[in-house]
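Let me begin by presenting the structure, written as structure tokens, before commenting on it.
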């Protein structure tokens with residue numbers, strides 16, 4: 001990643017392009033179950049029975065083998081109960097967890113980063129057994145109907161369960177998942193008319209929800225506190241029509257010595273669909289001072305900041321103050337190579353969760369129409385320019401003209417891909433840095449100022465309308 005004379009070492013790009021043993025077979029078994037769920041398991045067809053058998057075969061030799069084989073047989077016969085569907089979801093989750101672990105082992109080998117220790121978790125309180133059973137019953141009904149068989153009658157059965165769960169903090173995680181899942185399904189009813197089914201996504205939501213119906217399964221990572229200097233690397237902005245989230249990736253240098261470690265801090269906020277582009281920062285900025293510091297290229301001094309075993313800072317502005325200027329690329333060259341990675345909670349082990357900060361320079365750029373790739377030591381690494389947010393100065397064109405890139409290594413579409421967070425490029429013989437989150441703390445850029453002004457007006461109008469409704 002960094003020349004050895006600067007304290008780093010070269011990334012083994014060849015390891016990121018070589019096949020991972022057993023990965024394709026594990027994902028094929030997951031895909032088999034996912035496609036079996038499309039048509040529903042009330043009256044399974046022969047091809048669905050074969051898919052269920054493939055899933056059972058994939059966990060042969062594991063503690064789940066006998067129970068999953070029985071569950072697959074029951075499901076293939078159209079007589080599966082709630083516990084059988086739960087076992088199928090458990091097998092699917094285990095396979096994706098194994099895939100995650102294999103991919104992370106490859107990333108750690110390629111970057112030379114020490115593997116993170118498995119985090120300790122506190123088991124969730126085994127409360128609300130009746131509500132958990134009700135949720136499991138609804139999820140079993142979904143599996144029987146299949147995504148092509150959903151209608152408003154089936155989907156609406158989740159509403160009373162969600163309403164009863166939301167007041168209980170111990171059940172709120174599952175309630176939120178079920179609420180969002182039901183909303184997606186309702187927007188797609190009737191399923192028989194769907195041109196395209198989000199097969200992997202809905203199966204992910206279905207299996208995660210089923211696992212969370214097990215009493216005590218919704219454990220939380222053990223939390224502690226940290227004190228030290230926080231050096232931001234970049235901001236990953238994710239947008240939805242009605243919500244936005246910014247996640248800051250950073251290196252923490254503990255006070256009193258000790259090895260630096262990778263940490264994250266995230267903030268989310270609901271948003272109207274009229275707020276787009278740089279206007280999104282206006283909604284997120286008031287909730288976390290770290291965004292402004294990262295956007296301005298400054299460090300932060302933390303004192304007893306709560307943090308989970310997974311490296312997620314439970315951000316509280318009262319435990320942080322703005323520090324000295326800190327260039328993200330200097331941090332990437334000096335501190336990042338020695339930083340210990342983040343652990344992953346057992347239920348969060350999924351290839352889609354992989355997002356590892358890395359730094360590349362000295363690569364060649366390949367561009368073919370809308371696609372960009374870097375050639376690192378003779379090996380091609382795809383660049384995911386579609387993840388670059390519109391709420392910043394970073395563009396695909398800038399990435400294609402860059403000589404150094406700070407980004408997140410992800411796994412998508414069967415290969416490792418790099419999501420750019422910032423790049424360095426040469427402009428008139430000077431090195432210029434462009435960050436995806438450069439406007440997080442505000443901007444004088446003409447396009448950014450225009451978007452923020454539009455967002456201010458949109459939010460003002462919506463607040464006035466909401467105020468009138470409340471007064472009525």
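Coordinate-derived values only; no laboratory data. Small disclaimer: the values here were computed from a predicted structure and weren't measured. All Cβ positions, even for glycine, are placed from backbone atoms using ideal geometry, and neighbour counts span all protein chains on display.
Structure data summary
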{"read-out": "Gain in span if fully extended, residue 20 to residue 156, counting 0.36 nm per residue against the direct Cα distance", "value": "44.8 nm"}
{"read-out": "Under the Debye formula (equal points on every Cα, no solvent term), log10 I(q)/I(0) of the range 181-235 at q = 0.13, 0.21 Å⁻¹", "value": "-0.64, -0.88"}
{"read-out": "Rg/Rg_globular for the range 26-176, with Rg_globular taken as 2.2 N^0.38 Å and Rg from C-alpha atoms", "value": "1.20"}
{"read-out": "Cut-off 13 Å (backbone N to label point 7 Å along Cα→Cβ of residue 200), residues of the range 406-426", "value": "410-417"}
{"read-out": "For the range 24-62 and the range 323-382, distance of Cα centres in Å", "value": "34 Å"}
{"read-out": "Linear extension gain, residue 397 paired with residue 193, 0.36 nm per residue minus alpha-carbon span", "value": "69.5 nm"}
{"read-out": "Stokes-Einstein D in µm²/s, Kirkwood radius over Cα pairs - the range 267-340 at 25 °C with 0.890 mPa s viscosity", "value": "173 µm²/s"}
{"read-out": "Degrees separating the helix 82-111 axis from the principal Cα axis of the chain, which is the longest one", "value": "20 degrees"}
{"read-out": "Rg ratio (alpha-carbon, reference 2.2 N^0.38 Å) - the range 236-375", "value": "1.16"}
{"read-out": "Zero-based 5 Å bins, Cα pair distances in the range 391-472, whole percents", "value": "3, 12, 16, 14, 15, 10, 9, 8, 6, 4, 2, 1, 0"}
{"read-out": "Coordinate range along principal axes, alpha carbons of the chain, Å, largest first", "value": "70, 63, 49"}
{"read-out": "Helical mean residue ellipticity (222 nm; -39500 (n - 2.57) per DSSP H run of 4+; nearest 500) of the chain", "value": "-12500 deg cm²/dmol"}
